[in-house]
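J.: Pasting in a structure now, in structure tokens, and then I'll have a few things to ask.
The values are calculated or read from the model by the stated rules, or taken from the named source; none is laboratory data. These figures come from a predicted structure and were not determined experimentally. All Cβ positions, even for glycine, are placed from backbone atoms using ideal geometry, and neighbour counts span all protein chains on display. These accessible areas exclude ligands, DNA and RNA; they are computed on the full protein's heavy atoms, side chains included. Shrake-Rupley method; radii C 1.70, N 1.55, O 1.52, S 1.80 Å.
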Amino acid sequence: MSPLRHVATQPQENTFHRSESSTSSEGTDEREDGLGALPRRPPLSTSLTSGAASSANTSLFGLLSSVNTPSPMATPPAGYQTPNSTGKPTLTAHNLTGLGDSSLSYKNIKDDVYQGIDELLDELDQVDEQIAAYALDHIHSNEIILTHTSSQTVQKFLLTAAKKRKFTVVHAEAFPNDHDDTHATIMTGRKGADEESDTNDFFKPLTAAGITVILIPDSAIFAIMSRVNKVILATHTVLANGGLVAAAGARMIAKAAKMHQTPVVVVSGVYKLSPVYPFDVEELIEYGDAGKVVGYDEGDLVEKIDVINPLFDYVPADLVDLYITNLGGHAPSYLYRIVADHYRVEDINL
């Protein structure tokens, strides 16, 4: 073939025609240019080329309701209905079989909740007596004990020790948020002086048990701390790191005790133990009515300054020597184990 003839020749398209849907007994495709036969590409095994009919698309509810059907091509059993035009299965007695058993599980959960509430109420009724059972192990004769606020747990703890020991109690009045209840506790043994008296020892004042009680203002705490043998504090919440949130003034007392090497004992029920860690201390502090610090009638003074009234203080773990709970005495570094015993991971990581 000459070069000129080769150039003048029109290009030919080498197009291969395959038919995936048609079948050939030889299994080959013929080329139009007559150069021979090429092996035929086997048909794809898909739902379009297979001879079996595809099953209808159903929802998960419909699939679960028809698990007993042998195949999509079989005759549906009695009570079975295919999805309607909206694509949702029709509710039938067959589909709702077994749903009635859920009421049993709800009933069991309800019983468990009631049982848990009863156990918590029983613990609240007994926690003060259980803590007071350890009083004679920590309070000795002729000691001077400093306490703070009008805690009934501390009151019961001191009354139990007063049955066999004679000591002196120095009571800080916790002004301005709790001083009224503190005065009532010293006089009557309970919060609120207008309540009726009770013959129970729990509501007797310490003076009735032969204990000398000295009421001091909060400003005199540091001055008298050098003569104190032990500090007993109540708490609002005990945190997982061994720190605590207590009434305002507790941190000042704990720091003064640390300075004078006076042991600090905290009495608290296990139900006050929290799995929270104090990453942000400011979030733990609540503030009350500033008018209890400076009256609103002092208009000129209030307009010039900012007055705050914190209700609680955060006391770090290094300022506490011992925790006494209804389970016994524990060091602050051991509280994480009690948290692990009383809280699941699911309860902490919500």
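J.: At a 1.4 Å probe radius, which order do 344, 165, 190, 337 fall into by accessible area, largest first?
T.: The ranking, largest first, comes out as 344, 337, 165, 190.
J.: Continuing with the same structure: What pairs from 164/230; 191/258; 191/230; 156/230; 166/230; 191/272 go past 26 Å between their alpha carbons?
T.: Correct reply: 191/258.
J.: How much accessible area does residue 226 have with a 1.4 Å probe, in Å² rounded to the nearest 10?
T.: 80 Å²
J.: Along Cα→Cβ, 7 Å out, is where each label goes; now give me the distance between the ones at residue 207 and residue 142 in nm to one decimal.
T.: 2.6 nm
J.: What FRET efficiency comes out for residue 347 versus residue 115 if R0 is 25 angstrom and r is the Cβ-Cβ distance? Round to the nearest 0.05.
T.: My answer for the efficiency is 0.90.
J.: Using a 1.4 angstrom probe with every protein chain in place, what is the largest-first accessible-area order of 236, 138?
T.: Of 236, 138, the descending order of accessible area is 236, 138.
J.: Okay, next question. Rank these residues by their accessible area, most exposed first, probe 1.4 Å: 187, 252.
T.: From most accessible down to least: 187, 252.
J.: Note down the accessible area of residue 163, probe 1.4 Å, to the nearest 10 Å².
T.: 140 Å²
J.: Using alpha carbons only, how many angstrom separate the centre of the stretch 229-291 from the centre of the stretch 137-196?
T.: Value for the Cα centre distance between the two parts: 18 Å.
J.: Here is a further query. Tell me, in nm to one decimal, what length is gained between residue 122 and residue 229 on full extension, where the rule is 0.36 nm per residue of separation less the Cα-Cα distance?
T.: 35.1 nm
J.: R0 = 51 Å: FRET efficiency of residue 276 with residue 301, Cβ-based, nearest 0.05?
T.: Efficiency, rounded to the nearest 0.05: 0.85.
J.: Round to the nearest 10 and report in Å² the accessible area of residue 110, as given by a 1.4 Å probe over the protein chains' heavy atoms.
T.: It works out to around 110 Å².
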